[in-house]
Amino acid sequence: MDTPFPEPVEVRHEKAARRLVVTWDDSHVSTYPLDYLRSWCPCAMCQGHSAVSRYLDLAGNELQSLDGIGNYALGLTWQDGHSTGIYSFRLLRGLCPCEDCGGEKR
Ligand SMILES: [Zn+2]
Ligand SMILES: [Zn+2]
């Protein structure tokens with residue numbers, strides 16, 4: 001049997017702390033610094049055609065808005081107008097930088 005992949009029950013943008021806090025339906029909580037998230041932008045413009053995702057190591061990116069995409073992903077729009085990054089829940093959960101998940105992925 002496939003266990004259903006966790007889905008966010010709450011996504012909170014903490015502007016002052018410059019981070020996104022996601023609470024999952026298995027009650028895990030992920031806290032993503034904005035620069036960390038932006039640096040993992042999965043879109044083709046950021047990742048090119050390489051088969052392996054790479055960490056872009058960008059800094060100073062503010063999040064302008066976030067939208068749910070269907071019931072499988074979050075679309076993040078950054079203040080520089082970049083809005084092509086679609087972060088699937090699976091990707092987001094895989095990037096969780098908490099200690100239990102093995103810290104930040106780079
Ligand atoms: Zn991108
Ligand atoms: Zn975690």
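Each reported figure results from applying straightforward, stated rules to the coordinates on display, with no laboratory input. This is a predicted model, so every value here is computed, not measured. All Cβ positions, even for glycine, are placed from backbone atoms using ideal geometry, and neighbour counts span all protein chains on display.
Taking a Cβ cut-off of under 13 Å around GLN47, the surrounding Lys, Arg, Asp and Glu residues balance to a net charge of +2, with basic ones at +1 and acidic ones at -1. Taking 7 Å steps out from each Cα toward its Cβ at ARG12 and SER65 produces label points 2.3 nm apart. Karplus-derived 3J(HN,Hα) values for the range 40-45, using 6.51 cos²θ - 1.76 cosθ + 1.60 with θ = phi - 60°, are 9, 3, x, 6, 5, 5 Hz; glycine and proline are entered as x. Using the Cα gyration tensor of the range 60-100, with a ≥ b ≥ c the square roots of its eigenvalues, what is the shape: rounded (a/c below 1.5), prolate (a/b larger than b/c) or oblate (neither)? Judged from the Cα gyration tensor, the range 60-100 comes out oblate (a/c at least 1.5, b/c at or above a/b). In order along the range 24-31, phi translates into HN-Hα couplings of 9, 6, 9, 6, 6, 10, 10, 10 Hz, rounded to whole numbers, per the Karplus curve 6.51 cos²θ - 1.76 cosθ + 1.60 with θ = phi - 60° and x for Gly and Pro. Residues considered: VAL52, VAL11, VAL22. Largest GNM mean-square fluctuation over the chain, using C-alpha springs under 10 Å, is found at VAL52.
In Å, the Kirkwood hydrodynamic radius of the chain over pairs of distinct alpha carbons?
It is 14.1 Å.
Let me make sure I get this right: for the range 1-43, a, b and c are the square roots of the gyration tensor eigenvalues over alpha carbons, sorted descending. Under 1.5 in a/c it's rounded, otherwise prolate if a/b > b/c, else oblate. Which is it?
It is oblate, given that a/c is not under 1.5 and a/b is not larger than b/c.
Along the range 6-13 the Karplus relation, 6.51 cos²θ - 1.76 cosθ + 1.60 evaluated at θ = phi - 60°, assigns HN-Hα couplings of x, 10, x, 9, 8, 10, 10, 9 Hz to successive residues, with x for each Gly and Pro. Amide H to amide H distances under 5 Å link ILE69 with LEU74, GLY75, where only residues 5 or more positions off or on other chains count and H is placed in the peptide plane.
Taking the helices alone, the chain has a mean residue ellipticity at 222 nm of -3500 deg cm²/dmol, built from -39,500 (n - 2.57) per DSSP H run of at least 4 residues and averaged over all its residues.
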